[in-house]
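Following: one structure in C-alpha cells, then a few remarks.
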Amino acid sequence: PPYHAAATPAPDHPEPAAPALLKPRGPVPAPARRPHRRDQSRAGDRSGVSAPLARTKLAGMVKREAGGVWLRPERPVREAPMTRERIVAEAVALLDAKGVAGLTMRRLAERLGTGSTTLYWHVTTKDDVLDLALDAVFGEARLPSADAGGWRAQARALMGEWRAAMLRHPWTSALLGRPLMGPNVLERTEYLHATLAGAGLTGPALTAAAYGLSHFVIGSAMMEAAWQSAGQSAGQSTGQSTERAGAADAAIAGHLRERAERYPVLAGQGHPAATDWDASFERGLGYLLDGIAAALPAPPDAR
C-alpha cells in the first residue's frame, strides 16, 4: 500500500494478514450518497413517471371545483323520492328566497327533509348545486320555434327569454363568471351562434356579435334587478317602488336643469326614466341588431 514504507523489515513473527476487504489498494472511494427525495422527484419528472400522476391529481381537483359537476358521471339514484331534479328545484327556490349567500348544504337538506349524507350522494359540493341551479334557470329560456322568422326575430326572441329568466332569478348574475358547461346553456349558446352563422357571420365577427348580444342582456338585467332589489331592501311594495322611482326621476331632472350649462344634452334630452326598462331594452337590442345587420357580408348576387 502507498502508506507502507518500502524498506520496513519484515517482523520476526508476522501478524496474520488482514482480510482482503480491509486492505486498501488505492484511494478510499467516498460512500455512495442516498438520493434525496427532491432529487428522486426531479428524476421522476425527467423520466415522465410523475407527469401522468400530476395530471390525474389536477383533473381530480378540477372536477371538485365550480363547473366540475359536468365532468363527473351522475350517480345512480339510491332513494326514489330523492333525485337530482328535486334537489335542483329546491335549490332554485332557496336561491330565489335567500340569494347565493343564503344557500348552504345544511339548509338545503332541511328544506328537502333529508340528511346531509343523502344530499351528498347526489351532489359532491355546494358548487355542484350552484352549477346545476344556474343551468336550470337557463333552461327556462325557451328556444324560438322554427317559424319564428329570420335571424333577427330569432335572436331577439332568445335574448328576451334570457332576460326574463334572469329577472325571475336575480341571483344568476352573480354566478355568470363560473364555467358554463351545462346542457341548457350550451344548447342556447349553440342556437345563438348557429343563428348568427346562418345570417353570414363567421370567425371573430360571429364571436363579437354573440358576445355583444349576451353582454347587453346581462348588463340590462343586472341593472334592473339591482333597482328592484333596492326597493325590496327598503321594504317597499311594487307600487311603492314605482312611486319612489318616479320621485327619483323628478329629482334627477331638476338637478340636471339647474346645471344645464354644464350638462346641456342631459338637461335638454331628459334623463331616461327608471321605470322604462322594457322599452329601453327593446330599443337598445334593436340598435345592436341593426349594427350586426350592417356588418353582414353582401349576398353573392349583390356583389
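Using the Cβ-Cβ distance between residue 83 and residue 126 with R0 set to 25 Å, the FRET efficiency works out to roughly 0.85. Near residue 97, within a Cβ-to-Cβ distance under 11 Å, what is the net charge of the other residues, with Lys and Arg +1 and Asp and Glu -1? With Lys, Arg at +1 and Asp, Glu at -1, the net is +1. Using the Cα gyration tensor of the stretch 108-194, with a ≥ b ≥ c the square roots of its eigenvalues, what is the shape: rounded (a/c below 1.5), prolate (a/b larger than b/c) or oblate (neither)? Cα axes put the stretch 108-194 in the prolate bin. When 258, 90 are sorted by how many other C-beta atoms sit within 10 angstrom of their C-beta, beginning with the fewest, the order is 258, 90.
Counting only other residues whose beta carbon sits under 14 Å from that of residue 253, what net charge do I get with K and R as +1, D and E as -1? Surrounding charge for residue 253 is -1.
Read-outs: derived from the displayed coordinates by stated rules, not from any lab. Given the structure is predicted, the values throughout are model-derived calculations rather than measurements. Methodologically, a virtual Cβ is constructed for each residue, glycine included, from the backbone with ideal geometry; neighbour enumeration extends over all protein chains shown.
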